[in-house]
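Enquirer: I have a structure here, written as structure tokens, and I will follow up with some questions on it.
The values are calculated or read from the model by the stated rules, or taken from the named source; none is laboratory data. All values reported here derive from a predicted model rather than from experimental measurement. Backbone-built Cβ (ideal geometry, glycine too); neighbour counts: all protein chains shown.
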Amino acid sequence: MGLEGLAPILQRLDKEVLFAVIDVALDVDGQLVVTDGTMVHIHGMRTTIRYQELYPGHSVGAAYRYVELRNMGLEFLKKHAIIESAVYHKTGLSGFEGYFEVVVKEPRLIEEVLVLLRAEENRRYPDQKMRDDVQSAVARLLQLADSFPNVAQRLRLRRIGRDPLLIRDEYDMQYLFAALLETRFQDIRPEEWGPSYAGGSNRVDFLLKNESVLVETKMTREGLTDRRLGEELIIDVAHYKQMPGCQALVCLVYDPERRLNNPRGIESDLSKVTDGFDVRVLIRPKS
């Protein structure tokens with residue numbers, strides 16, 4: 001059966017299963033961007049939950065159910081020949097601590113099925129389109145943030161006689177991340193001006209126009225302590241949350257020399273939703 005025959009099948013899926021299929025398809029698609037092969041790994045439990053319907057509350061039972069639903073989503077993709085196989089590998093004491101090893105038959109099929117899945121989601125729940133677009137954009141930015149240190153390291157390794165491509169400062173970092181954004185988003189507006197705040201105005205590095213998401217990049221340097229970084233980010237958030245029509249701000253902080261003492265604490269303190277404005281602070285590489 002061709003993909004054109006999937007549309008009526010998707011219309012008959014239960015809400016949970018539809019969301020589960022979208023959930024895993026987005027993860028597989030995101031991993032294919034940062035790998036050269038056709039085998040990828042995706043988490044059993046995601047750090048960021050896209051659909052509350054799949055994980056309505058924090059409990060052991062809900063965690064097991066979430067992994068089960070994601071497995072159902074992968075089984076659906078396998079049944080319709082979108083992927084070749086999906087095998088779950090347990091890594092911890094609990095059954096929900098693990099990852100799926102997914103073999104993709106043809107990467108283009110993942111992109112094509114996502115178009116059909118999003119169309120069905122928007123047909124059923126048109127009021128949720130903006131929210132879902134924001135969640136999808138944040139999820140893709142999280143994937144890019146996770147892969148950024150490896151990409152930067154890879155650029156340092158050149159053939160004999162070729163100078164390495166080094167990320168020396170924040171401008172280099174912004175330049176590289178702009179290139180990565182092009183692989184996942186269509187309308188990227190660089191250096192958008194924000195509104196005036198406390199007597200001054202500020203520019204955000206990128207605006208993802210279609211998704212209404214702002215992206216700010218920073219790189220640690222000598223003298224940029226945990227406290228000073230936190231203060232800078234608080235000011236940035238105050239600026240950017242006033243930009244009309246914007247729903248989220250993702251701040252990627254690149255800390256290659258691991259200068260920060262408590263990166264996870266900074267992420268936890270500043271990543272929150274206030275007045276409908278979603279702020280995510282991502283410090284990479286992870287400790």
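Enquirer: Taking only pairs six or more apart or across chains, which ones have beta-carbon atoms under 6 Å, a first residue in region 37-50 that is modelled with pLDDT under 90, and a second residue that is not in a loop (DSSP other than H, G, I, E, B)?
Expert: Final answer for the pair search is 38/104; 50/23; 50/135.
Enquirer: Ok, one more. Report, ordered by the first and then the second residue, all pairs with beta carbons closer than 9 Å, sequence separation of six or more or different chains, a first member in region 141-163 that is on the phi < 0 side of the Ramachandran plot and in a helix (DSSP H, G or I), and a second member that is loosely packed, with under 12 Cβ neighbours inside 10 Å and modelled with pLDDT under 90.
Expert: Here the result reads 142/47; 142/48; 144/183; 155/164; 156/164, each pair linking region 141-163 to a residue that is loosely packed, with under 12 Cβ neighbours inside 10 Å and modelled with pLDDT under 90.
Enquirer: I would also like to ask the following. How about region 104-159: which of its residues are within 18 Å of residue 250 (Cβ to Cβ), modelled with pLDDT of 90 or more and surrounded by fewer than 18 Cβ atoms within 10 Å (Cβ to Cβ)?
Expert: Once the filter is applied, which keeps residues that are within 18 Å of residue 250 (Cβ to Cβ), modelled with pLDDT of 90 or more and surrounded by fewer than 18 Cβ atoms within 10 Å (Cβ to Cβ), region 104-159 yields 146, 149, 151.
Enquirer: I would also like to ask the following. Which pairs turn up if I take residues in region 227-255 that are in contact (Cβ under 8 Å) with a residue 40 or more places away in the chain and look for partners that are among the polar types (S, T, N, Q) and surrounded by 22 or more Cβ atoms within 10 Å (Cβ to Cβ) with beta carbon separation below 9 Å, at least 6 apart in sequence or on another chain?
Expert: As it stands, the answer is 252/217; 254/217, since those pairs meet every condition given.
Enquirer: May I pose another question? Within region 199-220, how many residues are modelled with pLDDT under 95 and assigned to a loop (DSSP other than H, G, I, E, B)?
Expert: Residues meeting the conditions: 7.
Enquirer: Report, by residue number, each residue of region 233-261 that is surrounded by 15 or more Cβ atoms within 10 Å (Cβ to Cβ) and outside any loop (DSSP other than H, G, I, E, B).
Expert: 233, 236, 237, 239, 240, 248, 249, 250, 251, 252, 253, 254
Enquirer: So which residues in region 268-282 are small (Gly, Ala, Ser) and either under 14 Å from residue 216 (Cβ atoms) or free of Cβ contacts under 8 Å to residues at least 24 places away in the same chain (or both), if there are any at all? Reasoning before the result, please.
Expert: Taking region 268-282 first, the residues small (Gly, Ala, Ser) are 268, 271, 276.
Answer for region 268-282, where residues must be small (Gly, Ala, Ser) and either under 14 Å from residue 216 (Cβ atoms) or free of Cβ contacts under 8 Å to residues at least 24 places away in the same chain (or both): 268, 271.
Enquirer: Quick one: is residue 167 in contact with a strand residue (DSSP E or B) (Cβ under 8 Å, 6 or more places away or on another chain), part of a helix (DSSP H, G or I) and surrounded by 13 or more Cβ atoms within 10 Å (Cβ to Cβ)?
Expert: Values: in contact with a strand residue (DSSP E or B) (Cβ under 8 Å, 6 or more places away or on another chain): yes; part of a helix (DSSP H, G or I): no; surrounded by 13 or more Cβ atoms within 10 Å (Cβ to Cβ): yes.
Considered against the rule, which asks whether it is in contact with a strand residue (DSSP E or B) (Cβ under 8 Å, 6 or more places away or on another chain), part of a helix (DSSP H, G or I) and surrounded by 13 or more Cβ atoms within 10 Å (Cβ to Cβ), residue 167 comes out as no.
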